[in-house]
Structure formats: structure tokens, C-alpha cells
1. Starting from region 103-117, take each residue that is assigned by TED's automatic domain parsing to the domain that holds Phe23 and list its partners that are surrounded by fewer than 17 Cβ atoms within 10 Å (Cβ to Cβ), counting only C-beta distances under 6 angstrom and pairs at least six apart or across chains.
2. Can you tell me how many residues in region 198-217 are surrounded by fewer than 18 Cβ atoms within 10 Å (Cβ to Cβ) and of a type in the set (Asp, Glu)?
3. Looking only at region 194-206, count every residue that is in contact (Cβ under 8 Å) with a residue 40 or more places away in the chain, in contact with a Lys or Arg (Cβ under 8 Å, 6 or more places away or on another chain) and of a type outside the set (D, E, K, R) and tell me the total.
4. Can you spot a residue in region 128-148 that is touching a Pro at 6+ places or on another chain (Cβ under 7 Å) and either crowded, with 17+ Cβ neighbours inside 10 Å or assigned by TED's automatic domain parsing to the domain that holds Leu40 (or both)?
5. Any idea which residue in region 12-23 is farthest from Thr104 (Cα to Cα), counting only those that are in contact (Cβ under 8 Å) with a residue 12 or more places away in the chain and out of contact with any strand residue (DSSP E or B) (no Cβ under 8 Å at 6 or more places or on another chain)?
6. Which condition number in (1) assigned to a helix (DSSP H, G or I); (2) closer than 19 Å to Glu139 by Cβ is the one that Glu125 fails?
7. If you take the residues of region 47-86 that are β-branched (Val, Ile, Thr) and over 15 Å from the mean Cα position of the chain (by Cα), which of them is surrounded by the most Cβ atoms within 10 Å (Cβ to Cβ)?
8. Let me confirm something: among Pro173, Pro187, which residue is touching a residue at least 12 places away in the same chain (Cβ under 8 Å), in a loop (DSSP other than H, G, I, E, B) and under 23 Å from Thr65 (Cα atoms)?
Amino acid sequence: MVIEKIEKIKKAIKARESAIVAFSGGVDSTTLAALAYEVLGDRVLAVTLDSPLFPKRQLETAVETACEIGIPHRVLPFSHLGAPYFTANSINRCYFCKKTLLETLIELADKKGYDVVLEGTNASEIKDGNRPGYRAIQEAGDKVLSPFVEFDVTKEEIREIASIHSLSAAHRPSMACLATRFPYGQPITAEALLRIEKTEEYLFSLGFTQVRVRMHANIARIEVPTKDFPEILRHSVQIFEKLKDAGFDYVTLDLEGFRSGSMDEPHLRNKATGGEEERRGEEEREE
């Protein structure tokens, strides 16, 4: 089944003749870039946008992974922080983020003569939760191709494809931009992003591989897999002191453990009960 999907993806990419790949170095974009490079060679360019939302650790990983694939790679400076509609951090934040990102890549593709922008949204992502960013992809029309959505490729299948191609990203933990560390409505600032990046980097330095530090005003809510709880507690004093020094008043461990999209949970609970907040969100989306 997955082999058939690989061939369909490669055929669709080859038909576009040349492409830019939105490249973060995560398993989705890495797998997409590897398939694109296989069929297009030097007629494909991986582009990583160097943003305050993108931790330096991830940027380094993206550079190393592009070298591993052999694909031509370019890093471009990029920031959303001058845009009030993004920094206000509404429920539609990801829509504005993705739209600006795609506009930047489409402009580069037009300027350099590439036929399409490839991006790695997968079929698992669009089935659940709050995904306003996907609307921006749809609005881009045929200027953007999302092969994993078009051919119904799930996250698990992408990891399988990455393993088939012996990519180091196959078992790489999921990554997400630093904006996902803030509850909706809490403004996103350069100072807060840097604080989150530094505190997560500290936790990585202790040996944790899957970490989120969610920032609720001046409270740090740490998410790690539940299996890592004993190790977190073993380092609790030094973690507490480090995060206090970083400016947090309180440091907590989330007893549910790590999970992607935890900041969406209040919104989704409200949506399930048909609350007033969801109705307001629908009105904003219609605007």
C-alpha cells in the first residue's frame, strides 16, 4: 500500500517539473524533500525560513538533514513578529502564519522559476483538531501541492516511507513552532519566544528528547512523556531553579504528559459543548 502511494507522490511531483520544498527538517518535510529530489534532482530547492518561531536546534537539524539528502538548500531570514494579526495569537494564528509563509515561498518560486511549492501537511493532521493553517494551503490553489494530503498519507506511513529511504528523520520526535507554547489570546513576543527556546534547550541538555515548555503568563507547564517523569523529578530542584532564573514564577509538570496540540484542548472541549467561545471563533473565521 505505501509503495503505491510513494509512486503516486513521485509521479505527481515529476509532473510539476521543478519545485521548492517548504523544509523544516522534520520527518514530513524531510520525506517529501527526499522524494522530490529523487525525481527532480537539482530542479528542486529545499527552503528553510529562519524565524524566531524556529529554534536554532531545529535550524541546525534542517541544514544537516538537507546535506544528508543531498538536496540544494537555502535558509532565508523570516519573521511574523511585525504582524499584529499574528502576535495577538488568536485561534486563527496558524492561518495567518501559514499564509505569510506560503506567500514568501510562492514569491521566491515565481522569482526563481520554480513551478510549485511542495509542503508536507499529512492526512492525519487534517482529520482532527484546530487546523486553520490548512485553509491557507487550500487558498493557494495550484501554486502549492500537498502530496501527503492528496494521496491520504498518514504520519505513520510517512515514517514508514522515511525508513524505506533510510532517512535519519524516520524516528525523529515531532517538532512544532514555538508559537504552540502559548495559549490563544496571550501575546507572542520575541522575549517570550527566546525564554521558551532557552528553557527547552536546557531540558534537552539533560537528556530529554521530547519536551514542550508551555507558557501560561509567568507559569511554565512542562510536558514530557510519562515514562520520563521519574527523571524529571530527579532533576526537579535544578529545573525549578533554572526556570526561575529564566523569569518564571511557577514551574509545573503536566500529569497528562507530552501530547501534540495541548493548547487546542480547551478550544476543542468548548467546541464539543457548543460554547460561546466557539461561536465567537466561528464569527472571526467568517470575517
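1. Partner pairs satisfying both residue conditions: Ile106/Lys143; Asp115/Glu17.
2. 1
3. 3
4. Just the residues of region 128-148 that are touching a Pro at 6+ places or on another chain (Cβ under 7 Å), to begin with: none.
Looking for residues that are touching a Pro at 6+ places or on another chain (Cβ under 7 Å) and either crowded, with 17+ Cβ neighbours inside 10 Å or assigned by TED's automatic domain parsing to the domain that holds Leu40 (or both), one finds none in region 128-148, hence no.
5. Result: Lys14.
6. So Glu125 meets the others, but not (1).
7. Kept after step one, since they are β-branched (Val, Ile, Thr), are these residues of region 47-86: 47-48, 61, 63, 65, 69, 71, 75.
Now drop any that are not over 15 Å from the mean Cα position of the chain (by Cα), which leaves 63, 65, 69, 71, 75.
Details: Val63: 16, Thr65: 26, Ile69: 23, Ile71: 22, Val75: 16.
Top of the filtered list is Thr65.
8. Being touching a residue at least 12 places away in the same chain (Cβ under 8 Å), in a loop (DSSP other than H, G, I, E, B) and under 23 Å from Thr65 (Cα atoms) holds for just one of Pro173, Pro187, which is Pro173.
The values are calculated or read from the model by the stated rules, or taken from the named source; none is laboratory data. The structure presented is a predicted model; accordingly, all values stated were derived computationally and were not measured. Glycine also receives a Cβ, built like all others from the backbone with ideal geometry; neighbour counts cover every protein chain displayed.
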